[in-house]
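The values are calculated or read from the model by the stated rules, or taken from the named source; none is laboratory data. Since this is a predicted model, take the numbers as computed values, not measurements. Here Cβ is always computed from backbone atoms with ideal geometry, including for glycine, and neighbour counts include all displayed protein chains.
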Amino acid sequence: MPSNPIKVFLVEDSPVALTILQRVLNSASDIKIVGTAKNGVIALEQIPQSKPDIVCTDLLMGKMDGLELTKQLMATYPIPILVISQVVTNNDTQKIGQLLEAGVLDVFPKPKTGFIQDYEKQQQILIQKIKLLSGVKVFSKSNKAFVPTEIEPQLPIKFECNNDLISNTNYKIVTIGVSTGGPKALRSIFRSLPNNFSLPIICIQHISEGFLSSLINWLNVGSSLKVKVAENGEFPLPGTVYFAPERYHLELDSQGKFIYLNAPPINNHRPSVNHTFYSIAKFHGKNTIAILLTGMGRDGVSGMEKFYRMGAMTIAQDEATSVIFGMPKEAIDLGVVRQVLPLSKISPALMKLTQDN
């Protein structure tokens, strides 16, 4: 085992599920399980002594469930938390919203069958997620944010663009690619935009299957914009946020209407940010505002390059406010981002860019 393995604490009330999770994580040489507990009460006592890098917890447990455990930990011992639960497939909007509010970084679907074979099918995805989330800096609930907003620069929004871009008041659409940390980032943006926002917004969010409906319901609460799943054959309308459906790639046809594509995943992603970005670039070209937010991997980077080469506005979330500075960093390093902004500046930038639309 490496000298500094990632230390994981497991909270699970099912002895069978706990044994399987231990077996799955022990298969990774750079992960070490430093403690287990069958409910939140026991976990709350043991986690400070175990000093894990990340806590993986079930949601539904006796005495203290995963939600209350998260609240207690984020108030007293802030740490990255991954919920591993069937709640993802139960469309429990209220619970999922509460988890995100409490400080959970991500939710991973526990296999319905509970068989070891089904856990093993998702083994590498789970291990990779744990590795990435374990390095995320989290803050106590009293900070009322998952990012250190005090280090955000309070400067006027300036765009790196030529005269054609500066004079472009003909933007037709906004498209956003996002992964880990996305729900809170998206909610921050949507809540800051008015209901008469002049453009449609198309989002590709990497999330666990079964989570989309609950995410959309949660995002609708407190947002002036209408948030929904894009419907096959529908025209995107201003003031509305559209999400790609689960298990399909999302495109625009030759008339600008949404169409679903039941094609294989692209680099393990379906829907794929790149696929949708390329489709929107083909239809709207330079009249697009393309944004990459927090997330792991490179999905969306080649799409951002396409937009950049066509003269579209490309924006990336900065490192300080990203939960995972993966997708934005890749696009920035490639040199295809016109503006790098902290999360709190993205909505004002959108308003500035569309004020004459």
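Tabulated values for the structure
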read-out	value
Leading residue by the ranking (nearest to Lys95 (Cα to Cα)) among those in region 173-224 that are touching a Leu at 6+ places or on another chain (Cβ under 7 Å) and charged (D, E, K, R)	Lys184
Sole residue being under 19 Å from the mean Cα position of the chain (by Cα), among the small types (Gly, Ala, Ser) and surrounded by fewer than 24 Cβ atoms within 10 Å (Cβ to Cβ), chosen from Gly295, Gly326	Gly326
Residue match in region 24-32 (condition: of a type in the set (Ser, Thr, Tyr), touching a Pro at 6+ places or on another chain (Cβ under 9 Å) and more than 23 Å from Gly103 (Cα to Cα))	yes
Any chance Ser179 is at pLDDT 95 or above, closer than 16 Å to Ile291 by Cβ and assigned by TED's automatic domain parsing to the domain that holds Ala281	no
Enumeration of residues in region 316-347 that are farther than 19 Å from Pro183 by Cβ and β-branched (Val, Ile, Thr)	Ile332, Val336, Val337, Val340
Flag if Glu231 is surrounded by 14 or more Cβ atoms within 10 Å (Cβ to Cβ), in a loop (DSSP other than H, G, I, E, B) and modelled with pLDDT of 90 or more	no
In region 276-292, the residues that are in contact (Cβ under 8 Å) with a residue 40 or more places away in the chain and out of contact with any Gly (no Cβ under 6 Å at 6 or more places or on another chain)	Thr276, Ile280, His284, Asn287, Thr288, Ile289, Ala290, Ile291
Filter result (touching a residue at least 60 places away in the same chain (Cβ under 8 Å) and under 26 Å from Val107 (Cα atoms)) within region 213-252	Ser213, Ser214, Leu215, Asn217, Trp218, Val221
Members of region 298-357 that are within 25 Å of Phe197 (Cα to Cα), part of a helix (DSSP H, G or I) and among the small types (Gly, Ala, Ser)	Gly303, Ser344, Ser347, Ala349
Of all residues making up region 255-280, the number that are buried (at least 21 other Cβ atoms within 10 Å of the Cβ) and among the β-branched types (Val, Ile, Thr)	3
Every residue from region 43-65 that is part of a helix (DSSP H, G or I) and surrounded by fewer than 21 Cβ atoms within 10 Å (Cβ to Cβ)	Leu44, Glu45, Gln46, Pro48, Gln49, Ser50
Condition met for Phe283 (of a type in the set (Phe, Trp, Tyr), closer than 26 Å to Gly103 by Cβ and either assigned by TED's automatic domain parsing to the domain that holds Glu209 or crowded, with 19+ Cβ neighbours inside 10 Å (or both))	no
Residues that are within 26 Å of the chain's Cα centre (by Cα) and not aromatic (Phe, Trp, Tyr), drawn from region 3-16	Pro5, Ile6, Lys7, Val8, Leu10, Val11, Glu12
Close pairs (9 angstrom Cβ cut-off, 6 or more residues apart or separate chains): assigned to a strand (DSSP E or B) in region 24-42, of a type in the set (Phe, Trp, Tyr) anywhere	Ile33/Phe9; Val34/Phe9; Gly35/Phe9; Thr36/Phe9; Ala37/Phe9
Val221 vs. criteria buried (at least 18 other Cβ atoms within 10 Å of the Cβ) and touching a helix residue (DSSP H, G or I) at 6+ places or on another chain (Cβ under 8 Å)	no
Options Ile216, Ile201: the member that is surrounded by fewer than 21 Cβ atoms within 10 Å (Cβ to Cβ) and of a type in the set (A, V, I, L, M)	Ile216
Whichever residue in region 331-349 is crowded, with 21+ Cβ neighbours inside 10 Å and out of contact with any Phe, Trp or Tyr (no Cβ under 7 Å at 6 or more places or on another chain) and, among such residues, is farthest from Asp299 (Cα to Cα)	Lys345
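Here is a yes/no grid of residues against (1) in the same structural domain as Lys110 (by TED's automatic domain parsing); (2) surrounded by fewer than 18 Cβ atoms within 10 Å (Cβ to Cβ); (3) at pLDDT below 95:
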| position | (1), (2), (3) |
| --- | --- |
| Ile20 | yes, no, yes |
| Lys32 | yes, yes, no |
| Leu69 | yes, no, no |
| Thr76 | yes, yes, yes |
| Val83 | yes, no, yes |
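Here is a yes/no grid of residues against (1) in contact with a Pro (Cβ under 9 Å, 6 or more places away or on another chain); (2) under 17 Å from Gly177 (Cα atoms); (3) of a type outside the set (S, T, N, Q); (4) modelled with pLDDT under 95:
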| residue | (1), (2), (3), (4) |
| --- | --- |
| Leu199 | yes, yes, yes, no |
| Leu212 | yes, yes, yes, yes |
| Leu225 | yes, no, yes, no |
| Gly239 | yes, no, yes, no |
| Tyr248 | yes, yes, yes, no |
